[in-house]
Amino acid sequence: MNVTETLNDGLKRAYEITITGAELDAKVDEKLAEAQPEVEMKGFRKGKVPMPLLKKQFGQRLMGEAMQETVDGAMQSHLEESGDRPAMQPEIKMVNEDWKEGDDIVVAMSYEALPEIPDVDYKKLTLERLVVAPGEADVEEALGKIAESAQNFATKKGKAADGDQVVIDFLGKVDGEAFDGGAAEDYPLVLGSNSFIPGFEEQLIGTKAGEEKDVEVSFPEEYQAEHLAGKAAVFECKVKEVKKPVPAEVNDDLAKQYGAEDLAALKGQIAERMKAEYAGAARQVLKRQLLDQLDAQVAFDLPPSLVDAEAGQIAHQLWHEENPDVQGHDHGEIETTDEHKKLAERRVRLGLLLAELGQKNDVQVSDSEMTQAIMNQARQYPGQEREFFEFIQQNQQAQQQLRAPLFEDKVVDFVFEMADVAEKDVSKDDLQKAVDALEDEA
């Protein structure tokens, strides 16, 4: 095998690799020798088929495998000897396309090498962590929202309004005939909940206790009960009671509804949850500080292919955010701008820097951390958790998409431990302003 360099420009590399016909023949012979003990052929005992006959019978078939393995081996040997780490999968092309058995193979290999990442003295980084302690007023405000969400209903006089609850008896009929599942007594229906057929609840707005009303609706064309789909129906309704929503009382009973022993325990849980939320927001601000400082301090050449790919993803994502009605990728080409490229350069630079730091310091994402991430993601697909798990297990790219942010966060935490991080007490509003600023600068 002979390797000749044909391009060395910045991070771009190109080589011409020549593999002799003799090397290929030797590889084929090696594969035949491995298979010979298991080969059975008429007229010969198992494992006793002569090599020339094997080569005549299977040589052509094995030549393709031998070529691929030899080229892959040559590429791997070159990368090990040169120390290069390709930014993306190297491109391999056969030069002598008129090749025939016995000839040498000449292939062209090209790639962009990952750059040398400069060392950074992370101990000289100075960062400021914002700290917010939940106040009594914040806890009381949260309690009030909980009480609203756990609202009860109290009898009211007068007409039913949107958001009120009506207690009704109803009987549904299609073509004058009652149908199964179309009747109920003392049914509590919150108007505006959209829990009934479209158009049903709106017709009960303005009704009063003791009033009877025929509600005329049509079942949707895609209704689950096929014998009712698309059909007009009349529901004979009797309004027995009208109730208005009232917040639940803030007391021990409310606390027990949410799994706490008493009101004091619920307040403690709320304070801890708010403290965790504030800490999470503060971490976002701290992480941005870190990345901004690293971006300002570190400079090195970037592989154009990685920058172009990242800029394309950014442009694609932003375009879909601006065009939410367009699903999938059935749209015209989306051009990248200088702004997309600038942001892509920052992301690629910081990504390579953090990846290098994590590798040098043996930062690992554990199996348990990965499992927890998969479980969290699976909750977004209720009823399909098993299918999601199976998809992740069979899809390396999907696994990497879950692993990458976990790895980055662990590397960032590693840097936080080494950097000079001071704490600063701030108000909730100050923290919110800092978080809002992150979105403005994104």
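Details
- Taking each residue as 0.36 nm, the span from A296 to E140 lengthens on full extension beyond its C-alpha to C-alpha distance by 51.9 nm.
- Of K31/K93; K173/K244; K157/K244; K213/K240; K124/K275; K287/K410, those spanning more than 21 Å from alpha-carbon to alpha-carbon: K31/K93; K173/K244; K124/K275
- Rg over Rh [alpha-carbon atoms, Kirkwood Rh] for region 116-239: 1.39
- The residues neighbouring G351, those whose beta-carbon lies less than 12 Å from its own, together hold a net charge of -2 under the Lys/Arg +1, Asp/Glu -1 convention.
- Label of the coordinate-derived value, volume of the Cα convex hull per residue in Å³, listed as [x] 221; [y] 164; [z] 302: [z]
- Relative contact order (percent, whole number), the chain, Cα cutoff 8 Å, 6+ residue spacing: 17 percent
- Where N is the number of residues in region 224-371, Cα Rg divided by 2.2 N^0.38 Å: 1.84
- Cβ crowding within 10 Å averaged over residues, with 318-324, 113-119, 289-295 ranked highest first: 289-295, 113-119, 318-324
- All Cα pairs of region 50-112, percent lying beyond 20 Å: 40 percent
- Share of carbon and sulfur in the accessible heavy-atom surface of the chain [1.4 Å probe, %]: 46 percent
- Inter-centroid distance (Cα atoms) of region 320-374 relative to region 379-393, Å: 23 Å
- Contact order normalised by residue count of region 1-45, Cα under 8 Å, 6+ apart, percent: 27 percent
- Among residues other than K157 with Cβ under 10 Å from its Cβ, the summed charge is +4 (Lys and Arg +1, Asp and Glu -1).
- Annotation: peptides 167-177, 32-42, ranked by per-residue average of other Cβ atoms within 10 Å with the highest first, follow the order 167-177, 32-42.
- Inter-centroid distance (Cα atoms) of region 98-115 relative to region 188-234, Å: 71 Å
- Maximal additional length on extending the D436-A178 stretch stands at 87.2 nm, based on 0.36 nm per residue less the C-alpha distance.
- Sequence-separation-based contact order of region 299-442, relative, with Cα cut under 8 Å and 6+ spacing, percent: 22 percent
The values are calculated or read from the model by the stated rules, or taken from the named source; none is laboratory data. A quick note: this is a predicted structure, and the numbers were derived from the prediction, not measured. Every residue, glycine among them, receives a Cβ derived from its backbone with ideal geometry; neighbour counts consider all protein chains shown. The accessibility values were calculated without ligands, DNA or RNA, using every heavy atom of the protein model including side chains. Shrake-Rupley method; radii C 1.70, N 1.55, O 1.52, S 1.80 Å.
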